Each structure stands twice: as structure tokens, then as C-alpha cells.
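Worksheet: the structure to be examined is printed underneath.
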């Protein structure tokens, strides 16, 4: 008995030790800039993916200044599990600027699907996706896409499970709706339909029988929407749409262009304003107008810190003092403490804006991504990238093509077209662009430049 | 009788003066946007831009047509089995539809771009136009040649706008 106990305890200790060693290989680092991942330890090796500034990764197997990059939660201390290689000097111990970028689309397949090693049915089968299984898809290649685990954080081809035919995927939103509809049918068949469509009390509860669906459909009667007394007090309202949440702001908040407190302020919202919030990521909400019907992050007014939006149960934080512009008499602060100044921009409409400051580099060009948006044109989805290119020499067609192709590689999405609008120094970034380069999900469609847009700049 | 003559002369003088004053208050100028586009440097650059876009669209349309022709040739060769023929016919229909759509969309894009370029040039001309109007005392400047029956050369400021636009490049 005693011997058995000893053996068992020793085995347990060894197992624990092995598990600890396995989970603690390498070290956690953060990229200090947008960083390319390569297929091997060389800057000339094939590009396989990228890291955004401040992205958390696990690194190991250092050699010649290059490190193998792993998912932060990776436990396999095996170089074959690496998702790429990067120069270690750009990977720092503490996160500096953090500019998270979302990638891939969460989708599901309604049928069982083979995962292949390449974008063809002739390639080897290396796995199977079950019907309804959710995956992240990215890196479209013709009619094929790469599939990733839903929890994958690093956008790299080496992080993918393999290739699947794109036509068999549907957005997860439709899966949620289909599941809700199925549950509703099931409930109706069992005579329990009353639970499906609920909220007669106007408090926004979800019916019991649909609670198991990933995103239950809530049908709120008109009377419930109008009854904002108790909901306003709680600072939350289910609203008329089935996404996000509607909140009544308890204090003035600044909306930022990106999910960082250092990014430019795009708008100031007042206490009492009602807005819709969603896409909580890294402690930041995307903020929408209250009546927004379409759930798309591109339609957000800006981003706000969660602690400021959900502030009803927290002490009121002090807003960051804005850089002091010239105060007009009307806007002069009359109270103590930090004040938010709203500048009347109409007075500066004729004034020429200064050029944006570039913050990234590609193909020897310093540039800044001014705006990324998504629109529909001729029934197709177009991603638009507005980019300011800091250069003193007019780029030629080949240079534009190379640069824009890199932008497309970084931002392309399955089944979506992409257009890059290039602005040069001295141009009004709200007016016509100089370079217009469009791509579909397989490659370049058109490259065109408007020389007339250079009017008033040093280039013309 | 003398009184009558004095009154008549006063009335005439009054009418002449008010007429002159009225003419001064409602001085109307004219500018021809079509000439600005055709004759100014910036307008010509815009036209070259549009021509380049047309060429780019034309290239894509030709590629799409070539694809249709290739499939058609394959079908007409008569070397395909029945099932293969069905597949190729289907792809031909798809390619033909895509070609038609591309032609339609290209025309729409070119028209839309033409409007945008004209607006861009006219926005640049606008500030010059305002300055000249203030300098010459115009209260109104017409821009539509269709509604003008006659315009005196002295009222047409198109040449001056073109010259000033050209001097900015």
C-alpha cells in the first residue's frame, strides 16, 4: 500500500514538473512596431504574416538574432509549432505602443469539410472540420481560404490549420440566427413558444428556451422600447437591434480613432447622450449612434474606454486633459478642474491642414493609414484604405504597385475587394486621391493615378 | 410752361440716374466652365487623367472579352464530351455576364469620375471667380452657357480665370 502510494505521488510530481516545463518554454515578448513574420530566419525568406505593434507573442529557439514566434499560450516546445520567424531586436519585454488590428473572419461551415494542405482538391487532406464548427478564415487564395483556430491571435500562414474551399463558409451571425430560428421552431413544436419571444415587461430579458443559442433573437415590443425609465437609470437598454447595448453616458467622454488613449480624439460625447456600444476588445468599446442598425465596426463613431462607458458603478474618472488650444471667450473655462473644449471646425474650413505624420514604413516609404472603411459597390464589398505617403519624389507606377500590393497583402479579406487611395504631401486628404489601386481577393485589378489631384502641391 | 419743362428735365435726370444706379447694382458676369476644362492647364490634366482611366477600364474589358472568346473557341472546337460541353457552356454564360457587367460598371465609373474631376477643377476656379467678381463689382456670375442669349465680351471673365488658374501651376 505504502509502495503504491509512493509510486503514485512520484508519478504525479513528475507529471506536474513536465507540465510546468512544457508550458514555460521560451519567453513572452511584445512587438514594438508592425512586424513581418518570415518562413525562416532571414529577411529574404517568404513573408508568412505580421504582428501588430504591442502584440503579445512567445519566442524561443533564438539563432543569429532571429527567434521562432509562437502563440502566447503555446505549450509545445517544438520549433514545428512556430508560426513564423522574426528579428528578435524588435521584440521587447514590455509592451510600448499597442495598436491592435483585427484579422480574419469568424465563420462556420454548415457541412463537414476537408482541410487540405494547399488551395486545391488535389492536395493532401490534413484534417476535417465538423459541421457547425467555427473557425477564423483569412489569406484568401482564389476560391480557397486558410482556416485558423477561433482563438488564434497571430496572423500567419504558418499558424493556419490548412486550406478549405471558401464557398462552404458562412458568417457566424447567420449561424446564430439559424440556431435561434431552429430553437424557436423546436419550442413552437413543443408548445412552449411563449418562451421564445419575450420581454413583455420591458426589462430586456431573453426567453429561457433561446438562451442556449449563441446570440438569441430578442423581439422587443414597441412599448418596451419606449419605456426607458428603469432602463435609463440602469444605464442599459436592449434597444431595437439585437446587437451591442445601448447606454446612457454618465459623464462626458472622448471618442478616440483607435483603441489607444494616444490616438487622435474624434469626438466628445456629453453626459446624458445615448449611444450603442459593442466590439469590446482590450478594454475599449466601439461606440455607435443609438439607432445604428448595421453591426459593422467600420460604422463606429470612435472608441471609448470601457471604464468610462460602464461608469455607473465606479467612481468617476478624471478625463485626460486635452492639449490646450487657443481659447475663445465663449469656450473659456469657468469651473475648476479639467474642461473639454469643443472647437468650431467650420472656422478653419478654408485653412490648409498640415500633413499627417507617418508612423509606419513599407518599401522604403514612410506612410500612415488614415482610414480603413468598408462599403458596398455594385453588390460587392470594398475595403477602402486611405493612406498618406510621405515622400518628396513622385512615386512611379511600379513603386505604387509594389507598395499597394503590400497593403493589400496585409489587409485583404476573403471574398472582399480592396482599394488603396494614396495621398501625397500637400494634398487635401478629404479630397480626391492621387493613386487609386484596386484589387479583388486574387490580385490587382486596376492601377490609376490622378495627376490633377496634385494641384497646389510641390509635385505639379 | 416753364414749370412743366423744369419738371420734365428733372424727371428725365432722375430716371437716368436711377437707371445707372440700378445697372451698377446688378452687374452680371459670365464664366464658361466648359472652356475652363478644355483650355486651362489643370483642365487638360484632368482630361488626361480621365483618358488614362478610360484606357485602364478598356484593358479590363478587353481581358474579359478575350476570356469569353477563349471559352467560345473551346466550345466550337467540337472535341468535348456532352458533360464537358455543359460545363463549358455554363462558364461561357458566366463569363459573358461578367463581361456585360464590367462594360456597364466601367461606363458608370468613367461618368462618375468625369463629374468628380470637373467638380475638382471648378472648386479650384471658384476662389479665383469670387475674387474677380468682387474686384469688378459683379453681383452675380452665370455659369450656364445654355441660358445665355448674348453676353458682352467685357462681362465674360473666362479668359481671366483660365489665365490665373494657369499661373498657379
Answer yes or no as to whether residue B:106 is within 11 Å of chain A (Cβ to nearest Cβ) and either assigned to a helix (DSSP H, G or I) or in contact with a strand residue (DSSP E or B) (Cβ under 8 Å, 6 or more places away or on another chain) (or both).
yes
Of the conditions (1) surrounded by 15 or more Cβ atoms within 10 Å (Cβ to Cβ); (2) over 27 Å from residue A:32 (Cβ atoms); (3) in contact with a helix residue (DSSP H, G or I) (Cβ under 7 Å, 6 or more places away or on another chain); (4) at pLDDT below 90, residue A:362 fails just one. Which one is it?
(2)
Checking A:431, A:398 in turn, the sole residue that is within 14 Å of chain B (Cβ to nearest Cβ) and surrounded by fewer than 17 Cβ atoms within 10 Å (Cβ to Cβ) turns out to be A:431
Restrict the check to segment B:131-152 and report whether at least one residue is within 14 Å of chain A (Cβ to nearest Cβ) and either closer than 25 Å to residue A:380 by Cβ or at pLDDT below 85 (or both).
no
In segment A:411-420, residue nearest to residue A:398 (Cα to Cα) [restricted to those that are more than 13 Å from chain B (Cβ to nearest Cβ) and in a strand (DSSP E or B)]
A:420
From the set of residues in segment B:146-169 that are in a helix (DSSP H, G or I) and touching a helix residue (DSSP H, G or I) at 6+ places or on another chain (Cβ under 7 Å), which is surrounded by the most Cβ atoms within 10 Å (Cβ to Cβ)?
B:161
Taking the condition of being exposed (fewer than 11 other Cβ atoms within 10 Å of the Cβ), over 14 Å from residue B:27 (Cβ atoms) and in contact (Cβ under 8 Å) with a residue 24 or more places away in the chain, how many residues in segment B:109-139 meet it?
0
Go over the candidates B:52, B:44, B:97 one by one and state the one that is under 30 Å from residue B:134 (Cβ atoms), within 14 Å of another protein chain (Cβ to nearest Cβ) and without any contact (Cβ under 8 Å) to a residue 60 or more places away in the chain.
B:44
Evaluation of residue B:64 against (1) assigned to a helix (DSSP H, G or I); (2) crowded, with 16+ Cβ neighbours inside 10 Å; (3) under 24 Å from the mean Cα position of the chain (by Cα) (one fails), failing number:
(3)
Residues (within 14 Å of chain B (Cβ to nearest Cβ) and either under 17 Å from residue A:429 (Cα atoms) or part of a strand (DSSP E or B) (or both)) located in segment A:376-395
A:376, A:377, A:380, A:382, A:394
Pick from segment A:434-460, criterion assigned to a loop (DSSP other than H, G, I, E, B) and more than 17 Å from residue B:51 (Cα to Cα), ranking: farthest from the other protein chains (Cβ to nearest Cβ):
A:441
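The values are calculated or read from the model by the stated rules, or taken from the named source; none is laboratory data. In this text the structure is predicted, and so the values were computed from the model without any measurement. Please note: Cβ atoms are built from the backbone with ideal geometry, for glycine as well, and neighbour counts cover all protein chains shown.
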